[in-house]
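I have placed the structure first, in the form of structure tokens, so that the comments after it can refer back to it.
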Amino acid sequence: PISASLLSSKMSVPNIAADAVLVQSVQMPKESIKIEGYDFNKGVDHNALLDSFLSSGFQATNFGMAVEEINKMRAWRLSDEEIREDEAEELRDPEVRKNIKGTIFLGYTSNMASCGVRETIRYLAEHKMVDCIVATA
């Protein structure tokens with residue numbers, strides 16, 4: 001392999017830049033997620049598309065992790081939790097517990113409402129997928 005400093009001297013690239021950019025590759029850990037995008041040839045499955053973001057690269061991976069958290073929030077019910085000793089009597093009833101869900105807040109900067117995301121925000125509110133919206137001015 002060519003060292004960064006040797007390449008730097010032949011191409012007149014500053015050493016500091018060559019050392020920062022032209023580093024030796026290393027093997028990825030076995031537990032690493034293979035980066036690959038959604039295969040649209042399999043048809044459009046919106047859930048599978050959102051799931052695929054976990055393996056589509058850095059920003060898409062963060063988006064995919066956010067989707068997982070949102071799905072957890074939407075699925076959560078008080079019945080998922082153990083009944084505490086100090087729990088209020090009305091919250092001890094299993095039927096009551098399964099009907100109590102999390103409160104989901106959607107926070108965004110105001111510029112999101114003036115771009116293509118506003119339709120998504122409208123959809124989420126219209127279909128009661130969020131309970132409270134907080135937007136900056």
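I'd like the residue in the stretch 94-137 that is among the aliphatic types (A, V, I, L, M), within 14 Å of residue 70 (Cβ to Cβ) and in contact with a Lys or Arg (Cβ under 9 Å, 6 or more places away or on another chain) and, out of all such residues, is modelled with the highest pLDDT.
104
Taking the stretch 88-104, which residues are touching a residue at least 24 places away in the same chain (Cβ under 8 Å) and surrounded by 13 or more Cβ atoms within 10 Å (Cβ to Cβ)?
We begin by selecting, within the stretch 88-104, every residue touching a residue at least 24 places away in the same chain (Cβ under 8 Å); these are 101-104.
Within the stretch 88-104, 101, 102, 104 qualify.
All but one of (1) open to solvent by 100 Å² or more (accessible area, probe 1.4 Å); (2) over 30 Å from residue 13 (Cβ atoms) hold for residue 24; which doesn't?
Every condition holds for residue 24 apart from (2).
I'm checking my understanding of the structure. Among residues of the stretch 118-137 that are outside any helix (DSSP H, G or I) and open to solvent by 100 Å² or more (accessible area, probe 1.4 Å), which one is farthest from residue 101 (Cα to Cα)? Step through it out loud before you land on a result.
Taking the stretch 118-137 and keeping what is outside any helix (DSSP H, G or I), we get 127-137.
From what's left, open to solvent by 100 Å² or more (accessible area, probe 1.4 Å): 128, 137.
On the way: 128: 12, 137: 29 Å.
Across the stretch 118-137, the extreme among qualifying residues is 137.
Out of 74, 84, report the one residue that is closer than 30 Å to residue 35 by Cα and among the basic types (Lys, Arg). So that I can check it myself, show each step before the final result.
Numbers: 84 fails: closer than 30 Å to residue 35 by Cα.
Only one candidate passes the filter, namely 74.
Please go through the stretch 25-55 and give me each residue that is assigned to a helix (DSSP H, G or I) and under 17 Å from residue 67 (Cα atoms), ordered by number.
46, 47, 48, 49, 50, 51, 52, 53, 54, 55
So which residues in the stretch 66-79 are assigned to a helix (DSSP H, G or I) and surrounded by 12 or more Cβ atoms within 10 Å (Cβ to Cβ)?
Listed by number, the residues that qualify are 66, 67, 68, 70, 71, 73, 74, 78, 79.
The values are calculated or read from the model by the stated rules, or taken from the named source; none is laboratory data. All of these numbers come straight from a predicted model, not from anything done at the bench. For neighbour counting, all protein chains shown are included, and Cβ atoms are generated from backbone atoms with ideal geometry for every residue, glycine included. The area values use the complete protein model at the heavy-atom level, side chains included, leaving out ligands, DNA and RNA. Shrake-Rupley method; radii C 1.70, N 1.55, O 1.52, S 1.80 Å.
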